[in-house]
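Peer 1: I have a structure I would like to understand better, so I am pasting it below and will then ask my questions one at a time.
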Amino acid sequence: MLQLGDSIYVARNAANQLVKLHLSPDWTSSRPEETINSPLFAFPTAIIELRGSLLVTNAQLNAVSNPRLPFTVLQLPMF
């Protein structure tokens, strides 16, 4: 997960999705704002922000015995 301002970005690993949630003013709840699906996702895990982009690791945790090398980090626009 990555928290930026009043948004949280969540990597939904097995679903191969990134979800942006909007936090309530008191940060006790959230609501989905947008979901990104991509064929480039391969069990996404960690997310960071760098210079206005999202970097997402493809951990391939679902392919332990036969991962596709090299492991990759995707650079996506902020959404």
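Peer 1: Look through the stretch 16-36, keep the residues that are assigned to a strand (DSSP E or B) and hydroxyl-bearing (Ser, Thr, Tyr), and return whichever of them is surrounded by the fewest Cβ atoms within 10 Å (Cβ to Cβ).
Peer 2: That would be 35.
Peer 1: Can you find, within the stretch 37-64, the residue that is surrounded by the most Cβ atoms within 10 Å (Cβ to Cβ) among those that are touching a Phe, Trp or Tyr at 6+ places or on another chain (Cβ under 9 Å) and part of a strand (DSSP E or B)?
Peer 2: 56
Read-outs: derived from the displayed coordinates by stated rules, not from any lab. Just so we're clear, the structure is a prediction, and the values are computed from it rather than from any experiment. For neighbour counting, all protein chains shown are included, and Cβ atoms are generated from backbone atoms with ideal geometry for every residue, glycine included.
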